[in-house]
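Here you go, one structure.
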Amino acid sequence: MIYKSRTESAELLMFKSLGVRMELPEKDKLHYLSLQKGYDGEVMFDTFTEKLQSECLILNDLLFKINNTVFQIDSLIITAAVIHFYEVKNFEGDFYYESDRLYTKSKTEINNPLTQLNRGVSLFRQLLQSLGINMKIDPSVVFINPAFTLYQTPLDKPFIFPTQLYRHLNGIDKTSAKLSTKHKQLAAQLVSLHCADSPYKQIPAYTFEGLRKGMLCFKCASISLAVVGHNCVCGECGYVEKVGEAVMRSVKEFRLLFPGVRISTRIIHEWCGGLLSRKRIKNVLEKNFKRVGVRQWTFFE
Ligand SMILES: [Zn+2]
């Protein structure tokens, strides 16, 4: 059973918006690409774990802070006897393993995911200790991409390759022990300790003035929405969305990028690229927010 689901991080959502609204510097483009690829891999892993039938609690995408150290866990599966701990990697192509290091085929060394796994497991164990929980942790790095090959892999490494994932999860399904309230309490505690927003984001500098204005399509994220009656229609993919919903998505996007700025009809009108009259923008804001102040001082909370 999925106890905590995965959502796109604030950092990824910010990149999705900025990637359309400005020209990203090359290094940020690469970072965005790797965030997206990592997220896609994790979502792919979820499509496997969500099929588990046995009694277990699946917690995806957790971020904890312990002794001023922040660490992230891609997925946990709590079963009666053990907590499975997963680091998911969406590497693609041919790699090789040598003296505890990982290289691409062109001999470029990349971070060994085992280092990250060991750090995460050690911090997670400390977290469990602080909660007075003494359960066995079973850590693995999951290579989720079917087009990934790792040559010279030693047999004793906790790696799960795409060809082994089904068997691994099947093994979990065969353990039929019942969960107790202790397990459910632990899952609830972990979710309550989860920090929703990572303090470490690598976002390029941007200003309101410097960003392209307009509304992004819900489906394809292109910035070519046109207003037709009560709907917004995407010029790229043809997706149709109610005007109110499209405006509220744009407000949400604005708030993510400019958390300190007050929402007013004027600023959202401009943010949406002037596609809608101020009156329509105002109507949407009034329906969804509490109005504070009068006339030109009006803003929405
Ligand atoms: Zn579209």
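Any read-out appearing in this document is the output of simple, stated calculations on the displayed coordinates, not a laboratory observation. These numbers come from a predicted model, not from an experiment. Neighbour counts are summed over all protein chains in view; Cβ atoms, including those assigned to glycine, are modelled from backbone coordinates with ideal geometry.
What is the distance, in nm, between label points placed 7 Å from the Cα along the Cα-to-Cβ direction at Ser106 and at Lys27?
2.0 nm
Which longest run of the chain has no exposed loop site in it, a site being trypsin sites (Lys or Arg not before Pro) in a DSSP loop with at most 16 other beta carbons within 10 Å, and the site itself not part of the run? Please report the intermediate quantities before stating the final value.
Details: sites that count: Lys51, Lys105, Lys107, Lys178, Lys201, Arg212, Lys213, Lys219, Arg262, Lys290.
With a cap of 16 other Cβ atoms within 10 Å, the longest stretch comes to 108-177.
State the Cα centre-to-centre distance between segment 152-209 and segment 49-112 in whole Å.
Taking the Cα centre of segment 49-112 as reference, the centre of segment 152-209 is 7 Å away.
Using DSSP to call loops (not H, G, I, E or B), can you name the chymotrypsin sites (Phe, Trp or Tyr not before Pro) in segment 148-251 whose Cβ has at most 10 other Cβ atoms within 10 angstrom?
Here the sparse-neighbourhood loop sites are Tyr200.
For Val247, Val284, which order do you get if you count the other beta carbons within 10 Å of each Cβ and list the fewest first?
On the way: Val247 26, Val284 23.
Result, fewest neighbours first: Val284, Val247.
For the chain, take the longest principal axis of its alpha carbons; what is the angle in degrees between that and the long axis of helix 181-193, to the nearest 10 within 0 to 90?
Computed tilt is about 50 degrees.
Now for a different question. Rank His269, Ala80, Leu18 by how far each Cα sits towards the positive end of the charge dipole of the chain (+1 on Lys, Arg Cβ; -1 on Asp, Glu Cβ) and give me just the farthest.
Most positive-ward Cα: His269.
Turning to a different aspect of this structure: Which of the pairs Lys65/Lys107; Lys65/Lys182; Lys105/Lys136; Lys219/Lys290 have their Cα atoms more than 27 Å apart in this structure?
Pairs exceeding 27 Å: Lys65/Lys107; Lys105/Lys136; Lys219/Lys290.
Looking only at Cβ-Cβ distances, which cysteines of the chain have no other cysteine closer than 4.7 Å?
Flagged as lacking a Cys partner: Cys56, Cys195, Cys232, Cys272.
Where both partners of a DSSP beta bridge lie in the chain, what percent of those bridges are antiparallel, to the nearest 5? Don't skip to the answer; put the middle values down first.
Working: 29 of 45 bridges.
The antiparallel fraction comes to roughly 65 percent.
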